[in-house]
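Worksheet for the structure shown next.
The values are calculated or read from the model by the stated rules, or taken from the named source; none is laboratory data. Just so it is clear, the structure is predicted and the values come from calculations on it, not from any experiment. Note that each Cβ is placed from the backbone with ideal geometry, even for glycine, and that neighbours are counted across all protein chains shown.
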Amino acid sequence: MSVTHTDLPFDLILFDLDGTLVETAPEIADAVNDTLAELGLGSASLDEVTRWIGHGTRELLVQALAARLGRTVDAVRADTTYFTAAEAVFQRHYEARCGTRSHPYPHVIEALQALRAEGVKLVVVTNKEARYTARVLDAHRMAPLFHRIISGDTLPVKKPNPLAVADSLLRYGVDRSRALLVGDSSIDVATARHAGVAVWCVPYGYNMGEPIEASAPDRVIADFGALRPAVLRTATASAGCA
């Protein structure tokens with residue numbers, strides 16, 4: 001299936017979830033600390049949890065346990081009996097916390113609604129597992145805004161592997177030059193580079209404690225206001241006149 005070109009610069013836009021569409025760090029931190037408390041370990045700060053976000057909840061838990069146990073991440077992963085038990089605790093707490101203290105960032109809902117109305121295909125590409133992705137999106141009534149949702153366990157590989165982008169390009173018949181990935185981290189930038197598509201990033205998300213400018217995306221946008229169709233048209237017209 002192919003899409004009809006709009007007068008916008010992109011026919012397909014793919015979005016990261018945590019730190020890009022929705023601020024989720026507070027509720028993830030709650031779940032991490034619920035887990036650590038149940039395991040008899042010290043709590044983690046919001047800043048620590050924010051730095052651990054990006055590779056999916058399993059890896060986030062590995063980082064949290066390594067920090068509080070004083071062990072390496074490899075040692076935590078190798079201790080499968082302990083980690084499996086800890087992961088079951090975390091899953092229970094995070095399922096309870098999903099959607100309780102998160103919220104979409106400014107202009108996200110309005111921009112998505114407007115882009116969809118213009119015929120742009122919208123896809124979520126996140127490393128968060130599907131059961132958590134669905135709970136977050138449903139909590140904010142965002143799922144119907146997207147044509148497709150690709151979670152960390154939807155395909156055999158996760159970002160920065162470009163398969164989710166390549167699969168979406170093929171599914172919607174969109175050329176790489178007409179696709180954009182919007183994210184907040186070096187993982188998103190690497191994914192876009194591997195896939196050969198443009199990448200814009202927001203500066204307010206979760207990038208393992210590093211400024212997003214250091215990852216050299218094609219553009220850093222202040223917020224989703226830059227993705228409104230009227231703004232995209234103006235930017236395209238200005239570029240054409242330059």
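Structure notes:
- Checked against (1) surrounded by fewer than 19 Cβ atoms within 10 Å (Cβ to Cβ); (2) outside the structural domain of Trp52 (by TED's automatic domain parsing); (3) closer than 24 Å to Val189 by Cβ; (4) among the aliphatic types (A, V, I, L, M), Ala114 passes all but a single condition, namely (3).
- Listed by position, the helices (runs of 4 or more DSSP H) enclosed by the range 71-118 that each have at least 2 residues that are of a type outside the set (Phe, Trp, Tyr), modelled with pLDDT of 95 or more and over 24 Å from Gly19 (Cα atoms) are 73-78, 80-97.
Let's see how each residue does on (1) among the polar types (S, T, N, Q); (2) buried (at least 17 other Cβ atoms within 10 Å of the Cβ); (3) over 23 Å from Ile212 (Cα atoms); (4) touching a Ser or Thr at 6+ places or on another chain (Cβ under 9 Å):
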| residue | (1), (2), (3), (4) |
| --- | --- |
| Pro106 | no, no, no, no |
| Pro160 | no, yes, no, yes |
| Ser168 | yes, yes, yes, no |
| Tyr172 | no, yes, yes, yes |
| Ala190 | no, yes, no, yes |
| Arg193 | no, yes, no, no |
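- So Gly119, is it out of contact with any helix residue (DSSP H, G or I) (no Cβ under 6 Å at 6 or more places or on another chain), assigned by TED's automatic domain parsing to the domain that holds Asp184 and either at positive phi or aromatic (Phe, Trp, Tyr) (or both): yes
- Yes/no for Asp30 being closer than 22 Å to His103 by Cα and in the same structural domain as Gly209 (by TED's automatic domain parsing): no
- Glu87 vs. criteria touching a helix residue (DSSP H, G or I) at 6+ places or on another chain (Cβ under 9 Å), more than 24 Å from Ala114 (Cα to Cα), surrounded by fewer than 15 Cβ atoms within 10 Å (Cβ to Cβ) and touching a residue at least 24 places away in the same chain (Cβ under 8 Å): no
- Every residue from the range 189-222 that is in contact (Cβ under 8 Å) with a residue 60 or more places away in the chain, in contact with a helix residue (DSSP H, G or I) (Cβ under 8 Å, 6 or more places away or on another chain) and not hydrophobic (A, V, I, L, M, F, W, C): Thr191, Gly205, Tyr206, Asn207, Gly209
- None of Thr80, Thr57, Thr72, Thr100 is polar (S, T, N, Q), in contact with an Asp or Glu (Cβ under 8 Å, 6 or more places away or on another chain), closer than 27 Å to Ala37 by Cβ and surrounded by fewer than 19 Cβ atoms within 10 Å (Cβ to Cβ) except Thr100.
- The criterion of being within 30 Å of Gly42 (Cβ to Cβ), surrounded by fewer than 19 Cβ atoms within 10 Å (Cβ to Cβ) and touching a Gly at 6+ places or on another chain (Cβ under 7 Å) holds for Glu129.
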